[in-house]
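A short worksheet on the structure shown next.
The values are calculated or read from the model by the stated rules, or taken from the named source; none is laboratory data. Computed from a prediction, not measured in an experiment: that's the story for all the values here. Here the Cβ positions follow ideal geometry from the backbone for every residue, glycine too, while neighbour counts run over all protein chains shown. All accessible areas refer to the heavy atoms of the entire protein, side chains included, with ligands and DNA or RNA removed. Shrake-Rupley method; radii C 1.70, N 1.55, O 1.52, S 1.80 Å.
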Amino acid sequence: MSNDSGKKQFWKRNTAKVPGSIRHVYGAQHPPFDPLLHSNLMKAGNKPPAASKPVAAAAAAAAAGKLKKATTFQEFESITSDAWDVGDDDDELLATAARNLNIEVVMETANKVIENHSKQQEQQRQREEEEEEAPPPEKEEEEVEAEREGEEEEEERGEEEGGGDEMPPELPFNSDGRMVKSLSEGEAQFRSQKDEAGERAGLQRHQSLPHRPTIPLVARMADQNTSGSLVMTEREASRLDKFRQVLAGPNTDLDELRKLSWSGIPRQVRPITWKLLSGYLPANVERRESTLQRKRQEYFGFIQQYYDSRNDQHHQDTYRQIHIDIPRTNPLIPLFQQASVQEIFERILFIWAIRHPASGYVQGINDLVTPFFVVFVFEYIEEEVENFDVSSLQEEALQNIEADSFWCMSKLLDGIQDNYTFAQPGIQRKVKALEELVSRIDDSVHRHLQQYEVEYLQFAFRWMNNLLMRELPLRCTIRLWDTYQAEPEGFSHFHLYVCAAFLVRWRKEILEEKDFQGLMILLQNLPTMHWGNEEVSVLLAEAYRLKFAFADAHPITTRDEGGSRPQQN
């Protein structure tokens with residue numbers, strides 16, 4: 001009992017300090033009831049007896065007093081214990097609500113609704129009949145006459161087959177206002193013709209709207225060109241030539257390669273550039289092939305050594321969690337729903353977790369494989385990858401993609417591993433640094449979030465844990481990682497300034513939200529689905545500006561949090 005009372009006292013003392021404290025949302029559980037709009041529903045039959053008025057007043061005063069009193073966690077739990085129940089409880093709620101309403105008034109309102117609906121249906125039927133009777137102006141008189149003759153023949157045939165006493169199929173209601181439950185063939189045919197006409201009208205409206213190209217979720221060639229077309233402009237072709245010149249030398253100048261890569265990497269040279277900038281491949285051209293063979297053999301040696309232990313008692317929980325998370329990885333992209341791709345991801349993540357026991361597998365790491373996998377698939381294909389069938393690739397190519405993705409992901413995680421160790425201290429520090437940074441660059445946004453008790457950890461944890469991959473389309477993530485690879489400590493340090501610029505980017509929308517729920521829904525569902533290279537470039541430019549304005553301001557800097565940049569092999 002002392003334990004329970006201690007818990008109760010804790011929640012009483014700390015109710016105001018608990019981050020993200022839940023508030024009641026009007027209308028979330030029961031149908032909203034507006035007394036101004038429905039005052040006539042509570043007139044007759046619902047007035048309490050006169051003797052009970054003092055009791056009701058006392059109850060109301062007690063309720064008002066309770067509203068001012070802080071609700072304990074146990075009380076809140078008892079109030080909301082049925083919040084997610086479904087089934088018969090819904091019928092009970094509706095029955096309870098019905099008892100509080102005047103049945104006569106309800107029935108009268110319902111009858112009016114049915115009557116109005118019947119009138120609208122009748123008016124719609126009359127308009128359709130008038131449209132059918134009026135011949136289109138562009139038709140010839142002979143065609144109109146032929147159509148009329150055909151309609152008369154169909155009507156005569158219908159009268160002979162079904163009799164003349166049946167209700168016309170256009171009427172969905174009987175004369176007494178009750179809805180007809182069974183549909184005749186004529187009615188079904190009429191409705192199908194009406195649906196076709198509606199579809200044609202909708203199509204015409206859609207065609208009249210300004211055309212907006214459909215952007216795939218994965219990067220494509222057009223996304224790499226400023227012009228937005230498949231054909232590169234002269235400037236883009238010149239940039240590609242510069243990359244090829246830097247990469248063609250016997251010893252690649254990594255500093256020059258980083259300068260070129262900061263503004264984006266052309267698709268044709270992105271695989272080799274990422275491997276060089278991540279430290280997976282050496283700058284010396286002669287050593288690259290031998291390094292690739294050695295690292296790929298080493299990875300598949302890990303698989304032979306460790307992968308069979310995935311069902312052992314010590315590792316089965318890790319493997320089970322990976323197996324659950326993989327189908328959730330980019331579920332809208334068909335490429336990642338292929339069985340062979342999911343098996344590749346399972347092997348990569350399980351081997352990484354086994355080789356890094358300090359952190360093991362943490363949810364969110366599964367997302368970090370996908371950009372590398374997509375980029376390295378582009379090394380072997382020319383078409384778009386979103387719907388590409390990887391089984392059409394040779395087995396050796398798939399193995400190379402798998403091994404390269406593993407090693408590059410490992411290099412990335414080496415710099416931010418404290419994000420995934422116990423209690424994830426790296427993320428905790430970065431979220432705190434983000435809060436302080438935003439308070440300096442846009443105090444209005446910061447105070448607005450504070451006013452409505454929105455904690456940065458509630459929305460920015462995912463930004464740090466998944467490197468904004470859940471907030472941006474994959475094509476934008478790939479472009480973002482071009483710069484992260486080029487920027488010193490891009491994933492561990494520069495990412496903080498990108499998150500700050502990303503938050504302030506939605507300043508107008510944030511300030512328009514006036515409650516906790518609206519702010520959380522906005523911050524967890526930011527509208528970036530149609531973002532492309534242009535939006536990401538603007539975001540990176542703003543982050544670069546913030547970095548130079550605030551990088552030396554103590555204690556925002558996070559350079560000592562994620563470890564040094566991985567060295568080349």
| Once both labels are modelled 7 Å past Cα along the beta-carbon direction, what's the R507-K112 spacing in nm? | 5.0 nm
| request: Would you kindly derive the ³J(HN,Hα) couplings of the range 295-308 from the backbone phi angles with the Karplus curve 6.51 cos²θ - 1.76 cosθ + 1.60 (θ = phi - 60°), listing them in order in whole Hz, with x for Gly and Pro? | output: 5, 5, 5, 5, 5, 6, x, 4, 4, 4, 7, 10, 5, 5
| task | Specify the inter-centroid distance of the range 289-305 and the range 243-275, based on alpha-carbon positions, in whole Å. | result | 24 Å
| said: Computing the accessible area with a 1.4 Å probe over protein heavy atoms, can you report the carbon and sulfur percentage for the range 502-546? | reply: 55 percent
| message | Using only the alpha-carbon atoms, what does the range 285-324 span along each of its principal axes? Please give whole angstrom values in decreasing order. | response | 44, 19, 10
| task | Can you check what the Kirkwood hydrodynamic radius comes to for the range 437-531, Cα pairs only, in Å to one decimal? | result | 14.0 Å
| query | Counting only protein chains, not ligands or nucleic acids, how are F461, F373 ordered by accessible area (probe 1.4 Å), most first? | reply | F461, F373
| task | Once you have the Cα-Cα distance between T318 and E534, take 0.36 nm times their residue separation minus that, and quote the gain in nm to one decimal. | result | 73.8 nm
| query | Which value, in Å², gives the accessible area per residue of the range 308-434 when a 1.4 Å probe is used on the protein heavy atoms? | reply | 42 Å²
| remark: In the range 304-385 the accessible area split gives carbon plus sulfur, as whole percent at 1.4 Å, a share of 44 percent
| field | Filter on K411/K508; K432/K514; K430/K508 - keep pairs with C-alpha separation over 27 Å | value | K411/K508
| Mean Cβ neighbour count within 10 Å, used as a protection proxy, ranking 275-285, 431-441 highest first | 275-285, 431-441
| Tell me, what HN-Hα J-couplings in whole Hz come from the Karplus equation 6.51 cos²θ - 1.76 cosθ + 1.60 at θ = phi - 60° for each residue of the range 312-327, using x for Gly and Pro? | 5, 4, 6, 10, 5, 5, 4, 5, 4, 5, 4, 4, 6, 6, 4, x
| field | Residue order for K119, K295 - accessible surface, 1.4 angstrom probe, largest first | value | K119, K295
| Backbone N within the range 422-458 under 17 Å of label point (7 Å from A549 Cα along the Cβ vector) | 434-447
| Residue separation times 0.36 nm, minus the C-alpha to C-alpha distance between F300 and S439: what's the value? | 45.2 nm
| Label points 7 Å out from Cα along the Cβ direction at L522 and Q428: separation in nm? | 3.0 nm
| query | How big is the gap, in Å, between the Cα center of the range 310-378 and the Cα center of the range 392-446? | reply | 15 Å
| request: Please calculate the 1.4 Å probe accessible area of I348, with all protein chains present, and give it to the nearest 10 Å². | output: 0 Å²
